[in-house]
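Visitor: The structure's right below; bear with me while I get my questions together.
The values are calculated or read from the model by the stated rules, or taken from the named source; none is laboratory data. Remember, predicted model here, so these are calculated numbers, not experimental data. Note that each Cβ is placed from the backbone with ideal geometry, even for glycine, and that neighbours are counted across all protein chains shown.
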Amino acid sequence: MTQPDLQLGRAAALPASPEEAVLDRVPNPHPDADYVARFTCPEFTSICPVTAQPDFGILVIDYVPGQWLVESKSLKLYLGAFRNHGAFHEDCTVGIGKRLATLLEPRWLRIGGYWYPRGGIPIDVFWQTGEPPKNLWLPDQGVAPYRGR
């Protein structure tokens, strides 16, 4: 049974902007355990704020929950709201990480933004909240560094 205030389980339109997007959180059923939850967005898009051309990237979000989990449908809608949002790669990646860290208050969070080349140069952006908990199995994010074709 879903909570009535969540977007989960009901129709929800794609937000017009990341600022308007609502991120939902739900209680962590295992707040006593350190574990990694990973979200991968292989088709992330935003708009270059200078040229208005689309930018494409892969986002990998890893976090160790405390009391809260991010609800995945709301995360999908939030990330989709960047499709018409003009921002540099650094702003998108770090801004998403900071918003999630503020909402969830996780024990630890990192985000990797693996962006396809703009102007012939790929720009990868990495941000984290601090050191991960000790004895945590932390897999590689699985996105190979960019190599020319």
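Visitor: Which residues, taken from the range 1-47, are in contact with a strand residue (DSSP E or B) (Cβ under 7 Å, 6 or more places away or on another chain) and either at positive phi or of a type in the set (Lys, Arg) (or both)?
Guide: ARG25, ARG38
Visitor: Residues of the range 1-25 being under 18 Å from ALA101 (Cα atoms) and either basic (Lys, Arg) or surrounded by fewer than 16 Cβ atoms within 10 Å (Cβ to Cβ) (or both), which ones?
Guide: GLU19, GLU20, VAL22, ARG25
Visitor: Follow-up. Return the pair list, or none, for Cβ contacts closer than 7 Å from residues in the range 84-97 that are in contact (Cβ under 8 Å) with a residue 12 or more places away in the chain and farther than 14 Å from ILE58 by Cα to residues that are among the polar types (S, T, N, Q) and not in a helix (DSSP H, G or I), at least 6 apart or on different chains.
Guide: HIS85/SER17; HIS85/SER46; ALA87/SER46
Visitor: Can you tell which of LEU100, LEU138, LEU75 is over 11 Å from the mean Cα position of the chain (by Cα) and either farther than 20 Å from PRO54 by Cβ or in contact (Cβ under 8 Å) with a residue 60 or more places away in the chain (or both)? Explain how you work it out, then say what you get.
Guide: Numbers: LEU100 fails: over 11 Å from the mean Cα position of the chain (by Cα); LEU75 fails: over 11 Å from the mean Cα position of the chain (by Cα).
Just a single option satisfies the conditions, and that option is LEU138.
Visitor: If you scan the range 103-128, which residues turn out to be surrounded by fewer than 21 Cβ atoms within 10 Å (Cβ to Cβ), assigned to a strand (DSSP E or B) and either in contact (Cβ under 8 Å) with a residue 60 or more places away in the chain or of a type in the set (Val, Ile, Thr) (or both)?
Guide: Across the range 103-128, the qualifying residues are ARG118, ILE121, VAL125.
Visitor: Can you say whether LEU69 is in contact (Cβ under 8 Å) with a residue 40 or more places away in the chain, in contact with a strand residue (DSSP E or B) (Cβ under 9 Å, 6 or more places away or on another chain) and under 21 Å from ASP5 (Cα atoms), as far as the supplied structure shows?
Guide: Working: in contact (Cβ under 8 Å) with a residue 40 or more places away in the chain: yes; in contact with a strand residue (DSSP E or B) (Cβ under 9 Å, 6 or more places away or on another chain): yes; under 21 Å from ASP5 (Cα atoms): yes.
Here the answer is yes, as LEU69 does meet what is asked.
Visitor: Does TRP137 meet the test of being of a type in the set (A, V, I, L, M, F, W, C), outside any loop (DSSP other than H, G, I, E, B) and over 23 Å from PRO15 (Cα atoms)?
Guide: no
Visitor: Do you know which residues across the range 41-81 are touching a Leu at 6+ places or on another chain (Cβ under 9 Å) and aliphatic (A, V, I, L, M)?
Guide: Hits for the range 41-81 are LEU59, ILE61, VAL64, LEU69, VAL70, LEU75, LEU77, LEU79, ALA81.
Visitor: Given the criteria touching a helix residue (DSSP H, G or I) at 6+ places or on another chain (Cβ under 8 Å), over 17 Å from GLY113 (Cβ atoms) and among the hydroxyl-bearing types (Ser, Thr, Tyr), does SER46 qualify?
Guide: Details: touching a helix residue (DSSP H, G or I) at 6+ places or on another chain (Cβ under 8 Å): yes; over 17 Å from GLY113 (Cβ atoms): no; among the hydroxyl-bearing types (Ser, Thr, Tyr): yes.
No, not satisfied.
Visitor: Taking the range 26-47 as the search range and keeping residues that are over 14 Å from the mean Cα position of the chain (by Cα) and of a type in the set (D, E, K, R), which one is nearest to GLY80 (Cα to Cα)?
Guide: Ranking the qualifying residues of the range 26-47, first place goes to ASP34.
Visitor: Shifting gears a bit: Mind checking which pairs have a first residue in the range 31-48 that is part of a strand (DSSP E or B) and a second that is at pLDDT below 95 and of a type in the set (Gly, Ala, Ser), Cβ under 8 Å, 6 or more apart or different chains?
Guide: THR40/GLY142
Visitor: Go through ALA11, ALA16 for me and flag whichever is in contact (Cβ under 8 Å) with a residue 40 or more places away in the chain, more than 30 Å from LEU136 (Cα to Cα) and of a type in the set (A, V, I, L, M). If you could, list the steps in order and put the result at the bottom.
Guide: Numbers: ALA11 fails: in contact (Cβ under 8 Å) with a residue 40 or more places away in the chain.
Among ALA11, ALA16, only ALA16 is in contact (Cβ under 8 Å) with a residue 40 or more places away in the chain, more than 30 Å from LEU136 (Cα to Cα) and of a type in the set (A, V, I, L, M).
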